[in-house]
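Take a look at the structure below.
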Amino acid sequence: MNTDNGKKDDEDLDLLLPWYVNDTLEAEERRQVEAYLERSSHARDEVALLRALRQQVKDEQIENSPGEFGLQRLKREIKQAGPQPGSADKMTGRTVTVARFWRPLAVAACIAVVIQAGVMISLTGGPGSDVETASGNAGLAAPVLQVTFASDATELEIREVLQSAGASIADGPTALGIYNLRLVDAGTTTVEEALATLRASGDVVTFAERN
Amino acid sequence: MSEDDRELLNRMAQGDQSALDAFYRAYEGRVYRFIRSRLNDSFDASDVLNEVMFEVWRSASRFEGRSSVSTWVLGIAHHKTIDRIRRRKPGESVELDPEIAEDESPNAAETLSAAQDAEQVRRCVDQLSEAHRSVVHLAFFEDLPYGEIAGIVGCPEGTVKTRMFHAKKALMKCLAGLKEMGLS
């Protein structure tokens, strides 16, 4: 093996080092890399660096994925798009487009329901005599809770749960169907009490957590 | 696991939503993390995840088993992410195989201490091109062989190796720079 060939070989082996580190090389390539590591301090330094980088990539903390919220959102869009096509050809793009088209309309419709719910709570003499729209009023308490509601929950059920928890809708739904709630009267209801009441309403409230 | 995933896809192709639930729960975390490693926005990443899973649902019948299920799903995520980046920056091309200047690259031993600082590595990874970030993520978070990464990102194996090589050089240069500035 001449010098030029030797150098070229080492350059090729340098390219394999990340996959030596993640332990996915085929046996023959692995054997060649191990021989390279024995004769080259440069290669050993590279492997030490790559191992450190790999560990940092693995350890990096990111926010939680959407989880069950994401699944609920997906199922809503699948429901809107209709059943699986017998032949999927050419359907995927069209249905995604349809789903995208309907998404803002669906969100707008949900907001309309929320606003209507706020009006109805007021008319029925519920907690808080002032109408509280999703856009909020000056001086209102900050949202302290996040909830999602069952997809088949009625306005009446949602209203009753919110009233019993002493909470009102501050804003939402988000694209994932999450509503932010505030306490109607923080002097008489604690966040823990409201949370416990919401969580006890398992058929209506599918998720409740502090904001 | 792979056989189970294929069975889930078969059931999804028939419209079985319980299979969708199981598939989503099995892959959602990995797919989200892959997308998130390339998009610096959790809302965009959630949106793209939704698009990917929707595509998986609608295309389940078209999975032919030529690759593993995870390669297929991550490949869909790769293309959806590129679509999102293009939509975010209309008119701006997505850098698919960037080259970097390699002169005066620091050596590995000099940058090793900086590479052990999580914050510095995160900052430097964030500065990588989208193409480099994906290969680094797939090689070091997913621990995938280069052949499988090539299948996901749709390029030759040699290109995957050189992208990783350039990504490493760029990281070393960035880490050395931070070290010189006294930030590590």
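The values are calculated or read from the model by the stated rules, or taken from the named source; none is laboratory data. Note that the structure is predicted; figures quoted are calculated from it, not measured. With ideal geometry, Cβ positions are generated from the backbone for all residues, glycine too; neighbour counts draw on all protein chains shown. To get the accessible areas, we keep the full protein, side chains included, count just its heavy atoms, and leave off ligands, DNA and RNA. Shrake-Rupley method; radii C 1.70, N 1.55, O 1.52, S 1.80 Å.
Points worth noting:
- Ranked order, A:207, A:69, B:34 - accessible area, probe 1.4 Å, largest first: A:207, A:69, B:34
- Highest mobility in the GNM of chain B, judged by mean-square fluctuation with C-alpha springs under 10 Å and restricted to B:108, B:77, B:60, is found for B:108.
- Sequence of B:132, B:79 when ordered by accessible area, the most exposed leading, probe 1.4 angstrom: B:79, B:132
- Chains B and A together bury roughly 4800 Å² of accessible surface, counting both sides and using a 1.4 Å probe on protein heavy atoms.
- Near the amide H of residue A:170, within less than 5 Å, lie the amide hydrogens of A:180, A:181, A:182, all on another chain or at least 5 residues away, with H placed in the peptide plane.
- Residues of the range B:106-122 whose accessible area (probe 1.4 Å, heavy atoms of protein chains only) drops by at least 10 Å² once all protein chains are present, relative to their chain alone: B:108, B:109, B:112, B:115, B:116, B:118, B:121, B:122.
- Taking every protein chain into account, the accessible area of chain B amounts to 43 square angstrom per residue (probe 1.4 Å).
- List A:152, B:126, B:21, A:59, ordered by accessible area with a 1.4 Å probe, largest first: A:152, A:59, B:126, B:21
- Take every pair of alpha-carbon atoms less than 8 Å apart whose residues are at least six positions apart; their mean separation over the length of chain B yields a relative contact order of 23 percent.
- FRET efficiency, residue A:141 to residue B:83 (Cβ-Cβ, R0 35 Å, nearest 0.05): 0.30
- For a 4.7 Å threshold on C-beta separation, the list of partnerless cysteines in chain B reads B:155.
- In chain B, lysine pairs closer than 19 Å at Cα, eight or more apart or cross-chain: 5
- Interface residues in the range B:54-92 - accessible area drops by 10 Å² or more relative to the isolated chain, probe 1.4 Å: B:54, B:55, B:57, B:58, B:61, B:62, B:80, B:87
- Peptide B:140-149 is shielded by partner chain Cβ atoms: per residue, an average of 5 of them sit within 10 Å of its Cβ.
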